[in-house]
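The values are calculated or read from the model by the stated rules, or taken from the named source; none is laboratory data. The structure presented is a predicted model; accordingly, all values stated were derived computationally and were not measured. Neighbour counts are summed over all protein chains in view; Cβ atoms, including those assigned to glycine, are modelled from backbone coordinates with ideal geometry.
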Amino acid sequence: MSGCCGNDVKFDGASAAYKRALWIVIAINGVMFFVEGSAGFAGQSMALKADALDFAGDTATYAMSLMVIGMAVQWRARAALVKALSLFAMGAGVLGFTAYRVLVLNDPSAEIMGSIAALALLANVVSALILMRFRDGDANVRSVWLCSRNDAIGNAAVIGAAGLVAVTGTPWPDLAVAALMGWLFTSSAWSILRQARAELRTEAVPA
């Protein structure tokens, strides 16, 4: 959602429809964090654990986005910076857990991986559809869209990894997907960080 009446002002989230969308997506992500996290431990799947961590991060991200709606652009951009740093931390954490898993190769359960990832994909597709018309806003709004996009990509990858784990009988596809999700966290964090810094610089320049 770009500017109104042909101008270049970025949508800042200040609408009742966007706030309702955020509340719905917060609820979806909070529930899926507990569901997928439990399944990740039960099925010994690093990819499911990584995706559960993504749900937790998204829940916090959406809550922060909701909190700063209506505030000055500096506060919205700073909130986006915090979210970018949290995504960097999650990316590093996922990559670290993946490296540990390489040293402790417990075969993940392909059945649990596939079934839970399919449920997570459904949840994220619903979230993405709800948020789609708000994807082109300021750094704060855009960070929400990027998180939703990452979720859908990650879930599809986990489903593919589950099939490969079943076929090969090895945990390597699971580990590869976890590493891919770690990369998605860090690349999205960098994108949000650049836009937020640009918004802060623009706001600092006198009219």
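Just a few scattered comments:
- Residues (in contact (Cβ under 8 Å) with a residue 60 or more places away in the chain and assigned to a helix (DSSP H, G or I)) located in the range 163-181: ASP174, LEU175, VAL177, ALA178, ALA179, MET181
- Candidates ALA162, ALA207, ALA152 - the one that is surrounded by fewer than 22 Cβ atoms within 10 Å (Cβ to Cβ) and at pLDDT below 75: ALA207
- Any hit, the range 182-194, residues being crowded, with 16+ Cβ neighbours inside 10 Å and more than 19 Å from SER86 (Cα to Cα): no
- Complete set of residues in the range 113-132 that are in contact (Cβ under 8 Å) with a residue 40 or more places away in the chain and of a type outside the set (S, T, N, Q): MET113, GLY114, ILE116, ALA117, ALA118, LEU119, ALA120, ALA123, VAL126, ILE130, LEU131
- Restricting the range 59-88 to residues that are among the charged types (D, E, K, R) and surrounded by 21 or more Cβ atoms within 10 Å (Cβ to Cβ) leaves a set whose member that is farthest from CYS147 (Cα to Cα) is ARG76.
- The range 41-55, residues that are surrounded by 18 or more Cβ atoms within 10 Å (Cβ to Cβ) and more than 20 Å from ALA176 (Cβ to Cβ): PHE55
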